[in-house]
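Participant: Can you read through this structure? Questions will come right after.
The values are calculated or read from the model by the stated rules, or taken from the named source; none is laboratory data. What you see is a predicted model; the values in this text were computed from it and never measured. A quick note on method: Cβ atoms are made from the backbone with ideal geometry, for glycine too, and the neighbour counts reach across all protein chains shown. Surface accessibility is based on the protein's heavy atoms, side chains included, excluding ligands, DNA and RNA. Shrake-Rupley method; radii C 1.70, N 1.55, O 1.52, S 1.80 Å.
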Amino acid sequence: GQMMVEIGYVGTRGRELALERYPNQLDPKYMALGSQLNQMVANPFYGHPNAGGILAGPQVRRGQLLRPFPQFGELVGARDTGGRSWYNGLVMSAKRRMARGLQLEGSYTWSKTLDFGEDTVQNEYDKMASRAIAQTDIARRFVISYIYELPFGRGRPWGNTASGLANWLIGGWQINGITTYQSGLPLSISASNTAGLFNPRTTANNNGQSGKLSGRAQDRLVKWFNTSVFTQPAPFTFGTASARIHDLRECGMRNFDLSLFKEFQPTEKLKVQFRVEALNAFNRVQFSGPNTSVTSGSFGRVSAQANAPRQLQFGLKLLW
């Protein structure tokens, strides 16, 4: 009679979400030309009063003239739509009413979020190929909050007849807390854009193996994942790695926020509450994400902390 448990499924689909388009990207079929795309050829727009930038000189790259709109440079549809998202989640929760000084409320979510369009796509001509785990995906999240009135002092099971001084010492204590465990966000492995198509980005190459490494977070700071499975794509090719890697994630969260309350009642109508609150009570470190640029000398290295260290705060409240 003191406990309620719920379990459910949540599924959502998103259509026509915000999507940044690059309509002047070169068609990937021209990748076969390779370095010929960079050859300088006569510029048919040279001398035109509106020709400027890359079209201002007598010569221009061959690739520029093969673009859908060769008279323009970069075209960005920043307010376009067409992105999609998929979410599936198992949601469980439990609540315990206040009984014998204890109250609990907790929830657990096991979910997956997929999308494309959240980041710029690699290939304007095949947007669905950029469908991947969303950068906001939190696969598992557990949160529990609790209140426990210590069973000592007047009105409590033990010490109900305590004298004034004894009750002042042992009575009115309360412990509270919020505990959060959640998995980290997925990583995106980037590379230098050498596709030669005027596309916005290129992912790294993956050799078909997982880059996931096991072990404690503090033991993997120099090499958070197996960097050898990712490489820079060859010129005039797309990267083979997913836009985000589902099994490579930032450091997860394991946090305890705790507080201790002590309540005094100097008069019948006045109560004084003293509280000590500890944020990140056990001073646990949550590391920031590693360097994910395959061309960087610190590729795979973690160099910062994502959360704040332990913080203590004290408060005094008058209740009347």
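Participant: Mind checking which residues of the stretch 201-221 are in a loop (DSSP other than H, G, I, E, B), within 15 Å of Gly289 (Cβ to Cβ) and small (Gly, Ala, Ser)?
Facilitator: Gly211
Participant: I would also like to ask the following. Could you tell me whether any residue of the stretch 94-112 is under 30 Å from Tyr22 (Cα atoms), of a type in the set (Asp, Glu) and out of contact with any helix residue (DSSP H, G or I) (no Cβ under 8 Å at 6 or more places or on another chain)?
Facilitator: no
Participant: Scan the stretch 201-221 and give yes if some residue there is hydroxyl-bearing (Ser, Thr, Tyr), under 30 Å from Arg61 (Cα atoms) and crowded, with 19+ Cβ neighbours inside 10 Å, otherwise no.
Facilitator: Yes, the stretch 201-221 contains a residue that is hydroxyl-bearing (Ser, Thr, Tyr), under 30 Å from Arg61 (Cα atoms) and crowded, with 19+ Cβ neighbours inside 10 Å.
Participant: Is it fair to say Arg156 is open to solvent by 30 Å² or more (accessible area, probe 1.4 Å), in a loop (DSSP other than H, G, I, E, B), in contact (Cβ under 8 Å) with a residue 40 or more places away in the chain and more than 23 Å from Phe116 (Cβ to Cβ)?
Facilitator: Judged against the criteria, Arg156 is a match.
Participant: Which strands (runs of 3 or more DSSP E) does the stretch 222-284 wholly contain that include 2 or more residues that are over 30 Å from Pro28 (Cα atoms) and of a type in the set (S, T, N, Q)?
Facilitator: Correct list: 253-267.
Participant: Counting just the residues of the stretch 159-200 that are under 21 Å from Leu260 (Cα atoms), in a strand (DSSP E or B) and open to solvent by less than 50 Å² (accessible area, probe 1.4 Å), which one comes out modelled with the lowest pLDDT?
Facilitator: Only one residue fits best here, namely Gln174.
Participant: I'd like the residue in the stretch 279-302 that is closer than 13 Å to Glu250 by Cβ and among the polar types (S, T, N, Q) and, out of all such residues, is surrounded by the most Cβ atoms within 10 Å (Cβ to Cβ).
Facilitator: Thr292
Participant: Looking at the stretch 115-133, is at least one residue free of Cβ contacts under 8 Å to residues at least 60 places away in the same chain, in a strand (DSSP E or B) and either open to solvent by less than 80 Å² (accessible area, probe 1.4 Å) or under 28 Å from Leu185 (Cα atoms) (or both)?
Facilitator: Taking every residue of the stretch 115-133 in turn, none turns out to be free of Cβ contacts under 8 Å to residues at least 60 places away in the same chain, in a strand (DSSP E or B) and either open to solvent by less than 80 Å² (accessible area, probe 1.4 Å) or under 28 Å from Leu185 (Cα atoms) (or both).
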